[in-house]
Amino acid sequence: MHLIETTLLLLLAVVVSGSIARITRIALPLVQIALGAGIVLVTGKAVELEPDIFFLLFLPPLLFLDGWRIPKEDLFRDRAVILELALGLVLFTVIGLGLLMYWMIPEMPLAVAFALAAILSPTDPIAVQAIASRAGIPKRLMHILEGESLLNDATGLTCMRLAIAAASTGAFVLHEAVGSFLWLALAGVAAGVAVTLVISFAKSWISRRWGEDVGAQILISLLIPFAAYLVAEKLHASGILAAVAAGVTMSFTERGGYGGQSLAMTRIRRAVVWDTVQFVANGLIFVILGEQMPSIMARAAEVVAGTSRPEVWWLAVYVAVIVTALAALRFIWVWTSLRLTLFRKRQKGPPPKVGLRLTAVMSLAGVRGAITLAGILTVPFTLADGSPMPSRTLAIFLAASVIIVSLVVATIALPKLLKGVELPPEPSHEREEDEGRVAAASAALRAIEDASHAMAEGKPNPDLYNDVASRIMELYRHRIENRTRTDADEIEAVRLTDAVERRLRLVGLAAERTELGRMARARLIDETTAKRLIREIDLQELRYS
């Protein structure tokens, strides 16, 4: 019963957090963390956080959804920057920050310092997006941060595993570490791809033979990330990478033959369900983080009691140094990466200058979140010989504090830095959109003409079918005519006309919905009819929104 009550309280905190964030204009993750801490202070009870369960419940669906929805063309276009951030920056951070903490905290073994540095290296784009939403973060920058986070989670967690293994056994073999890293990465990706392809093929085959069940299709999409994660973990590979690979594969199967034949109703309802899952999971992660903070902070005195610097204020010094070092290491790496890749011109001549503002934004955008918290809690309590893991409690305290401080700093500084930040312009897809609309309209014309002839054959009134087909085909011909204009002024006039038409249609649909609601309340039409008509209006509104 206590678990159910706690879960309901957490969900209530997620619901309330959005309104509080809009009213106070405080970043949503910080509001959720504060609410989580408030729940513990009021009830006196916190969720018993099992890291393995936390990983399994929250991370696979979120990473799967990121891999599914992230624009693949944008990901491929900036692949060099993303790989440099997701792989090179992680290793750079592990070495640089690990050595710094080993020097700064004498009681912390080198392997534990490297493990803490590794788990502090992954970034949280969800927190960045929430913080930067009011400042208008450029789409290209957000795509780079999202792509980085998809890969650096696996890199950071893999490095942490290797460091913990070295701390437990007291030995580190380079070739074994490299082999372990390659197996974790390659087997994890292969597991995610294989599981998604098998499930997609099976459900597509069943749907073609016996029809499609919308509810079952949605449930299958929810289960795929968990299946990929568990299969990879059974193979001792990276479940994180498996979930990401499953999401990316899902996006391609949707375009192709396996999953591309889903019913329109399935796609609409599935998108709504996944939006809800994302909202709830993201919120719960930060609320649970807030719940853990009071107990972590309460052990501050215990954390430093056995060290050479027993004063509690030294913890604040450690956290400040670590946050500063993370930003500095990221700044150096990002500045170098941008100069070498993002702004490189294909033609001859010196590359454009890399602005300090952009570099600062990229540096501060590397806030830490759920992966860091869950990862540090997986550090074992004991070594291989049964003795306690040295500095485990200190590492947990530092990781949790860095999460909070990085969020606060980004909340204050990032919106200001984002004003006026410039990136190379996004390529325009208007021409591609026009070509796609023309091609789709041409295909529709051919299909409607063939279908009308087939339907009219042998019927007593064939002109009826031809008249209806002609009216529908005229709409498609009008679309083709508008989209194949060559004069720039005419093209702009067509786009303006589309925008005006879209707005007026939305106004009309809203009026329809209001009138149907009035008639239902006045019992001029029955409730079932009103719901059906309003749903038709809602589906039309989705088209124009």
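The values are calculated or read from the model by the stated rules, or taken from the named source; none is laboratory data. Model, not experiment: these values are computed from the prediction. Ideal geometry is used to build each Cβ from the backbone, glycine not excepted, and the neighbour counts take in all protein chains shown. For the accessible areas, the whole protein counts, side chains as well, though only heavy atoms, and no ligand, DNA or RNA atoms are used. Shrake-Rupley method; radii C 1.70, N 1.55, O 1.52, S 1.80 Å.
At 0.36 nm per residue, and after removing the present C-alpha to C-alpha distance, how many nm does the segment from residue 478 to residue 512 gain when stretched out fully?
Full extension from residue 478 to residue 512 adds 9.6 nm.
Using R₀ = 45 Å, calculate the FRET efficiency as 1/(1 + (r/R₀)^6) where r is the Cβ-Cβ separation of residue 503 and residue 461; round to 0.05.
Efficiency for this residue pair is about 0.70.
Between residue 95 and residue 236, take the C-beta separation as r, use R0 = 22 Å, and let me know the FRET efficiency to the nearest 0.05.
0.30
Report the Stokes-Einstein translational diffusion coefficient (µm² s⁻¹, integer) for the chain, Rh taken as the Kirkwood radius over Cα pairs, at 4 °C with viscosity 1.567 mPa s.
Once the numbers are plugged in, D ends up at 49 µm²/s.
Hey, rough spin-label estimate for residue 11 and residue 312, points 7 angstrom out along Cα→Cβ, what's it come to in nanometres?
Taking the two extended label points, one gets 3.8 nm.
Taking the Cα centroid of region 211-284 and of region 1-59, what is the distance between the two, rounded to the nearest whole Å?
What the calculation gives is 25 Å, centre to centre.
Given a 1.4 Å probe and every protein chain left where it sits, what share in percent of the accessible area of region 1-158 is carbon and sulfur?
70 percent
Taking a ≥ b ≥ c as the square roots of the Cα gyration tensor eigenvalues, with a/c under 1.5 meaning rounded and otherwise prolate when a/b beats b/c, else oblate, which class fits region 11-60?
Oblate, because a/c is 1.5 or more while a/b does not exceed b/c.
Using the heavy atoms of the protein chains alone and a 1.4 angstrom probe, what is the accessible area of the chain per residue in square angstrom?
Values: 28480 Å² over 545 residues.
Accessible area per residue, the chain: 52 Å².
In region 195-290, carbon and sulfur make up what percent of the accessible area (probe 1.4 Å)?
69 percent
Whole-Hz Karplus ³J(HN,Hα) for region 287-293, in order, using 6.51 cos²θ - 1.76 cosθ + 1.60 and θ = phi - 60°, x for Gly and Pro?
5, 5, 4, x, 5, 7, 5
Can you compute the helix-only [θ] at 222 nm over the chain? Use -39500 (n - 2.57) per DSSP H run of at least 4 residues, normalise by all residues, nearest 500 deg cm²/dmol. Intermediate results must be reported in sequence, preceding the final value.
Details: 22 runs with 421 residues, N = 545.
Here the helix-only value at 222 nm equals -26500 deg cm²/dmol.
Hey, if we sort 495, 208 by accessible area with the 1.4 Å probe, largest down, what's the order? Before the final figure, lay out the partial values.
Numbers: 495 55, 208 150 Å².
Output order, biggest surface exposure first: 208, 495.
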